[in-house]
Amino acid sequence: MLKGHQSWLFENKPFIRSTATVVGPFEGRGPLAKDFDIVHGESMMGQKSWEKAEKVLIEEAAKLAIENAGLTKEQVQFYIGGDLMNQIISSSFAARTLSIPYLGVFGACSTSMESL
């Protein structure tokens, strides 16, 4: 529930029900390759910019995480995300496509830990 003008108070503690990782070929050749759910062979994902390619990766990972949890996107209360791009472009556009309430985290390298 919204508390004040910009703070949220959750009646139940948020938790991570499932995860999914979708990466490009560079990550797929690294030491964690076997730990990724999907490894794509092409970095640009058929897109014309890195931002659009990253958006596709984020959307695919979110959809897979929802599927892994046995949920529909309508059952997801919040999508918390961020990315390394300036102004969290890729995450914001992915959230728009996913149509899930979105809390954007603008923290660059710290995004993964801040969002937890």
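Laboratory data are not the source of any read-out in this text; all were calculated from the coordinates shown. Keep in mind that this is a model prediction, so the values were computed, not measured. Cβ placement follows ideal geometry from the backbone for every residue including glycine, while neighbour counts extend to all protein chains displayed.
Each of L84, L57 was scored by other Cβ atoms within 10 Å of its Cβ. Listed from fewest to most, they are L84, L57. To the nearest ten degrees, helix 89-98 and the longest principal axis of the Cα atoms of the chain are 70 degrees apart. Given the alternatives (i) 13, 41, 37, 8, 2; (ii) 12, 29, 31, 19, 8, 1; (iii) 13, 41, 33, 12, 2, 0, P(r) over Cα pairs in 10 Å bins from 0, in percent as computed for this entry is given by (i). Computed 3J(HN,Hα) for the stretch 35-44, one whole-Hz value per residue from the Karplus formula 6.51 cos²θ - 1.76 cosθ + 1.60 where θ = phi - 60°, is 8, 7, 6, 9, 10, 8, x, 10, 5, 8, glycine and proline marked x. Using the Cβ of V39 as centre and a radius below 14 Å, the other residues enclosed give a net charge of -3, where K and R count +1 and D and E count -1.
Around the Cα centre of the chain, unit charges on the Cβ atoms of Lys, Arg, Asp and Glu (plus for the first two, minus for the last two) sum to a dipole of about 160 debye.
When the charge dipole of the chain is built from unit charges on Cβ atoms (+1 for Lys and Arg, -1 for Asp and Glu) and taken about the Cα centre, the candidate among I88, H5, A61 whose Cα reaches farthest toward its positive end is H5. Gain on full extension, evaluated as 0.36 nm per residue between D37 and K3 minus their Cα-Cα distance, stands at 8.5 nm. The string of couplings for the stretch 68-75 from the Karplus curve (6.51, -1.76, 1.60, θ = phi - 60°) is 4, 7, x, 10, 9, 5, 5, 8 Hz, one whole number per residue in order, with x for Gly and Pro.
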